[in-house]
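Colleague: Sharing a structure below in structure tokens format, with a few things to ask.
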Amino acid sequence: MTDHPEKYWIGFDLGGTKMLAIAYDNDWRELGRRRRKTRGRDASDSGTARIISTIHRLLEESELDPKQIAGIGIGCPGPIDIEKGRILTTPNLGWDDVKVGDSLTKEFGCPVVVLNDVDAGVYGEYQFGVAKGARCVVGIFPGTGVGGGCVYEGNILHGAGVSCMEVGHTRISSSGRGSGIELLGTLEAEASRLSIAAEAAKAAYRGDAPRLKKECGTDLADIRSGALADSIEHDPAIRRLVEQAAETIGIGVINIVHILCPDTIVLGGGLVEAMEKLFVDTVTSTAQNGVMSVYKDRFKVVAAKLGDDAGAKGAAAWARRQLADQK
């Protein structure tokens, strides 16, 4: 093992398609990282084993002593039981009632803090990225679903023992599209990458998106964010689909502004990274034109800057803060 005299922190970001573990020293210098695929809808027990093995590989490859781990912060999709470190449900992974905190504590013998993955990403942007110093920052991350998170006066906004800000599951239209829950017409059903890709596949099949059909065909699994970004430059039908999704997110922002009046809205995820200007400009104009006059120009819409690292670094930083507060 390499000599690391100080304790170090591990941040883990569990996504719908990938998992990322990063080790940091006390000055937030990176000591090593390990990325793996999530393997889709794994059974929760095999998924937890994959999380553990990913951390072990990170430690081995970076020559880090497991006994020097100060704490682990892990961001997980879906609602989280904050007090028990438990994933309550993850619609896009099919996991329910997963005691991930207990499993990691037992394996590594260190404190573990479990939080929602978007909360972790927003906290990362608040501490180290584009939302640094904001009084109230709300994150909206469209991907397989649409995740939301909020940092209010330096604290992640939580419910009574449970994560909240499930903006993707708020109703935004009267359409009959579903998003894995009984409520129809949700923000996730209308504006996630998955819903955009589904409509794009239909357009390609009908012959309305020749570029997309040539490059990707009509298989939903092949229509990723990069393919959509390329297609909007050539297929007007796809550009309009993406613009409509961004306008829908803008309506979601209007609702959030009327409730919380955040000074910063952060848009993140691969879809936004691939088409940053389109999303930021469209969401901004939709929201500014739709809010009550007293709220105009009191908020800005920005794109996340830390990329995939936001969730891991934010989870580690939140774990460090929470564990310091407990002393």
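Colleague: Find me the longest stretch of the chain that has none of the exposed GluC sites (Glu not before Pro), where exposed means in a DSSP loop (not H, G, I, E or B) with at most 13 other Cβ atoms within 10 Å. Please report the intermediate quantities before stating the final value.
Modeller: Numbers: sites that count: Glu6, Glu63, Glu83, Glu153, Glu182, Glu233.
Result, exposed sites excluded: 234-327.
Colleague: Helix-only estimate, please: 222 nm mean residue ellipticity of the chain, summing -39500 (n - 2.57) across DSSP H runs of length 4 or more and dividing by its residues, to the nearest 500. If you can, show how the numbers build up before the last one.
Modeller: On the way: 11 runs with 135 residues, N = 327.
Taking each H run of at least 4 residues, the total per residue is -13000 deg cm²/dmol.
Colleague: On full extension of the chain, what length is gained from Arg240 through Ile259, given 0.36 nm per residue of separation minus the C-alpha to C-alpha distance?
Modeller: On the way: separation 19, 0.36 × 19 = 6.84 nm, distance 2.90 nm.
Length gained between Arg240 and Ile259: 3.9 nm.
Colleague: Mind giving me the nanometre distance, one decimal, between the label points for Val162 and Leu220, set 7 Å out from Cα along Cα→Cβ?
Modeller: 2.7 nm
Colleague: Pop the C-beta distance of Arg211 and Asp325 into the FRET formula with R0 = 56 Å and round what comes out to the nearest 0.05.
Modeller: After rounding to 0.05, the efficiency reads 0.60.
Colleague: Loop-only check: which trypsin sites (Lys or Arg not before Pro) in segment 14-97 are DSSP coil with at most 16 other Cβ within 10 angstrom?
Modeller: Values: sites: Lys18, Arg29, Arg33, Arg34, Arg35, Arg36, Lys37, Arg39, Arg41, Arg50, Arg57, Lys67, Lys84, Arg86; in loops: Arg29, Arg39, Arg41, Lys84.
Listed in order of number, the matching sites are Arg29, Arg39, Arg41, Lys84.
Colleague: Over 24 Å between Cα atoms, which of Lys106/Lys313; Lys37/Lys132; Lys67/Lys106 qualify? Kindly include the intermediate steps, with their values, before the conclusion.
Modeller: Values: Lys106/Lys313 22 Å; Lys37/Lys132 30 Å; Lys67/Lys106 13 Å.
Flagged as over cut-off: Lys37/Lys132.
Colleague: Roughly what % antiparallel, to the nearest 5, for the DSSP beta bridges in segment 71-177? Can you show the working numbers first?
Modeller: On the way: 16 of 21 bridges.
For segment 71-177, the DSSP antiparallel bridge percentage is about 75.
Colleague: Set the Förster distance to 45 Å, then compute FRET efficiency between Lys300 and Asn26 from the Cβ-Cβ distance, nearest 0.05. Mind showing how you got there, number by number?
Modeller: Working: r = 32 Å, r/R0 = 0.71.
The formula returns an efficiency of 0.90 here.
Colleague: About the Cα centre of segment 130-303, what is the dipole size in debye to 20, counting +1 per Lys and Arg Cβ and -1 per Asp and Glu Cβ, all else neutral?
Modeller: Working: 17 positive and 20 negative charges, 35 e Å.
Dipole of segment 130-303, to the nearest 20 debye: 160 debye.
Colleague: Please identify, among Val162, Val113, Val266, the residue showing maximal mean-square fluctuation in a Gaussian network model of the chain using a 10 angstrom Cα cutoff.
Modeller: In this elastic network of the chain, the residue with the biggest mean-square fluctuation among Val162, Val113, Val266 is Val162.
Colleague: Roughly what would the spin-label model give for Asp65 and Asn289, points 7 Å off Cα along C-beta, in nm?
Modeller: It is 6.1 nm.
Colleague: Measure nothing fancy, just the Cα-based angle from helix 193-206's long axis to the longest principal axis of the chain, in degrees from 0 to 90, nearest 10.
Modeller: Taking the Cα atoms of the chain, the angle to 193-206 is about 40 degrees.
Colleague: Check the straight Cα-Cα distances from Lys202 and name the lysines below 16 Å, setting aside those fewer than 8 residues away within the same chain.
Modeller: The qualifying lysines are Lys213, Lys214.
Colleague: Let me ask something additional. Given the options Ser103, Ser293, Ser163, state which has the largest fluctuation in a GNM of the chain using a 10 Å cut-off (strictly under) for Cα springs.
Modeller: Maximum among the listed residues: Ser293.
Colleague: Rounded to the nearest 5, what % of DSSP beta bridges with both residues in segment 130-303 are antiparallel?
Modeller: On the way: 11 of 19 bridges.
Around 60 percent of the beta bridges assigned by DSSP in segment 130-303 are antiparallel ones.
Colleague: Along each of the three principal axes of the Cα atoms of segment 130-303, give the extent in whole Å, ordering the values from largest to smallest.
Modeller: Here the Cα extents, ordered largest to smallest, are 49, 33, 26 Å.
Colleague: Checking the a/c ratio against 1.5 first, then a/b against b/c, what shape does the Cα gyration tensor give for segment 204-327?
Modeller: Values: a/c = 3.27, a/b = 1.44, b/c = 2.27.
The shape class here is oblate.
Colleague: Using +1 on the beta carbon of Lys and Arg, -1 on that of Asp and Glu, and nothing else charged, what's the dipole of the chain about the Cα centre, debye to 20? Can you show the working numbers first?
Modeller: Numbers: 39 positive and 44 negative charges, 45 e Å.
The dipole of the chain has a size of about 220 debye.
Colleague: Moving on to the next point. Where a ≥ b ≥ c are the square roots of the eigenvalues of the C-alpha gyration tensor, would you call segment 287-327 rounded, which needs a/c under 1.5, or, failing that, prolate if a/b is larger than b/c, or oblate? Mind showing how you got there, number by number?
Modeller: Details: a/c = 5.82, a/b = 2.08, b/c = 2.80.
Oblate shape, in that a/c is at least 1.5 and b/c is the bigger or equal ratio.
Coordinate-derived values only; no laboratory data. Since the model is a prediction, treat every value here as computed from it, not as a measurement. FYI the Cβ positions are ideal-geometry reconstructions off the backbone, even for glycines, and counts take in every protein chain you see.
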